[in-house]
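Below is one structure, written out as structure tokens; the observations come after it.
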Amino acid sequence: MRRVLIVEDDTVQREAVSKLLSSGDVETVGVGTAAECLEQLAQNTFDCMVLDLSLPDASGFSLLETLSQDGRHAFPPVIVYTGHDLSPEDEQRLRRYSSSIIIKGAKSPERLLDEVSLFLHQVVAELPPEQQKMIQTARNRDAMLEGRRVLIVEDDIRNVYSLTSVLEPRGATVQIARNGQEAIDALAKSAGDPSNVIDLVLMDVMMPVLDGLEATRRIRADARWARLPILMLTAKAMPDDQERCIAAGANDYMAKPLDVDKLLSLVRVWMPR
């Protein structure tokens, strides 16, 4: 029997995580405070700990530092499971003590289940069918795309749908613009909102109102977007198309119909680290 300690002050969340992780050979113990966590670790052995950073009597950071310095308590592998957006400094601090950091969101339960199963060395084929399905979903996601925002600039709804169905299951957040002007407006709006920064643009060439080439020129004329990756998509695979796209300021180019593997490869290559 493997044992997981869940440290989460929200009762509903704690019970949900317990239900998610429990199976025939996994027992969960839930606590709501840092003090209860220390008490459990002093008295019992756990194979893994799932930790929320917001606790009523101490921060998750200070709890981890206490565990690292105090030899009286066991210090199992830790998965930080938090609803907070972490600064690079916070993330660096946590990486000293934690093997994995997961931000709570729509797809985070699958990732949490996947991470815990790895820590517990569980054989996925032996898990209940629902847990197997969730882990498979998590593993289809792409670390390079997870949580990144991609602006798709495309007027054909069929192409929007096919691009979205490639990117979203791999963890990307997709934003849509139907022409070049809407793309410029979306970028301008995102500039004032750090939580909605656009990481990469997929730009169609042929569009109404403002085509992709002119939109790219205008984006590049603004110093804020000098380093923004722009990949251009065109239905016309003419010999001079690539030159025109690059001359307008695109980083790269793909002719339609799109090859999914090639598209994903390009997106990974150009996605800012």
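No lab work stands behind these numbers, since they all come straight from the coordinates. Just so it is clear, the structure is predicted and the values come from calculations on it, not from any experiment. FYI the Cβ positions are ideal-geometry reconstructions off the backbone, even for glycines, and counts take in every protein chain you see.
How high is the relative contact order of the chain, in percent, counting Cα pairs under 8 Å that sit 6 or more residues apart?
Details: 433 pairs, mean separation 29.9, N = 273.
Taking the mean separation of contacting Cα pairs over the length of the chain, I get 11 percent.
Per-residue ellipticity at 222 nm for the chain, helices alone: DSSP H runs ≥ 4 residues times -39500 (n - 2.57), over residue total, nearest 500 deg cm²/dmol? Working shown, then result.
Details: 11 runs with 114 residues, N = 273.
Only helices count here, giving -12500 deg cm²/dmol.
Charge tally around residue 95: other residues with Cβ under 14 Å, Lys/Arg +1 each, Asp/Glu -1 each, net -2.
For the range 149-270, the share of alpha carbon pairs falling in successive 5 Å distance bins from zero is 2, 12, 24, 27, 21, 11, 3, 0 percent. Distant-in-sequence amide contacts of residue 172, defined by a placed amide H-H separation under 5 Å and a gap of 5 or more residues or a different chain, comprise 147.
Rounded to the nearest 10 degrees, the angle from helix 34-43 to the longest Cα principal axis of the chain is 50 degrees.
Report the per residue volume, in Å³, of the convex hull enclosing the C-alpha atoms of the chain. Mind showing how you got there, number by number?
On the way: hull volume 39.2 nm³, N = 273.
Roughly 144 Å³ of hull volume per residue.
Eigenvalues of the alpha-carbon gyration tensor of the range 1-55, scaled by 5 and square-rooted, set the equivalent ellipsoid semi-axes at 17, 15, 7 angstrom, largest first. Under 16 Å from the 7 Å Cα→Cβ point of residue 244, by amide nitrogen: which residues of the range 207-224? Counting backbone N atoms under 16 Å from the label point, the list is 207-218.
Helix 260-270 and the longest principal axis of the Cα set of the chain meet at an angle near 80°.
Taken along the Cα-to-beta-carbon direction at a fixed 7 Å, the label points for residue 66 and residue 125 span 4.4 nm. Using only Cα atoms, tell me the angle between helix 180-191 and the longest principal axis of the chain; keep it within 0 to 90° and round to the nearest 10. Value to nearest ten degrees: 40. Result for the chain in a Gaussian network model with C-alpha springs under 10 Å: among 197, 12, 150, the largest mean-square fluctuation is at 12. Shown in residue order for the range 122-134 are the 3J(HN,Hα) couplings computed by the Karplus curve 6.51 cos²θ - 1.76 cosθ + 1.60 at θ = phi - 60°: 7, 8, 4, 5, 9, 7, x, x, 5, 5, 4, 5, 5 Hz (x for Gly and Pro).
Can you list the residues, at least 5 places off or on another chain, whose amide H is less than 5 Å from the amide H of residue 235, using H built in the peptide plane? For residue 235, whose amide H was placed from the backbone, the distant partners under 5 Å are 205, 206, 256. If you run the Gaussian network model on the chain, springs between alpha carbon atoms under 10 Å, then out of 155, 25, 199 the most flexible one is 25.
Within the range 2-103, which trypsin sites (Lys or Arg not before Pro) sit in a loop by DSSP and count at most 10 neighbouring Cβ atoms inside 10 Å?
Working: sites: 2, 3, 14, 19, 72, 93, 95, 96; in loops: 72, 96.
Hits after loop and neighbour filter: 72, 96.
Taking θ as phi - 60° and the Karplus parameters 6.51, -1.76 and 1.60, the scalar couplings of the range 205-210 work out to 8, 8, 8, x, 6, 8 Hz in sequence order, x denoting glycine and proline. Residues in the range 174-179 carry Karplus couplings, in order, of 10, 10, 10, 10, 9, 7 Hz; the curve used is 6.51 cos²θ - 1.76 cosθ + 1.60 with θ = phi - 60°, and Gly or Pro positions show x. Among 70, 114, 142, the residue with the largest mean-square fluctuation in a Gaussian network model of the chain, with springs joining Cα atoms closer than 10 Å, is 70.
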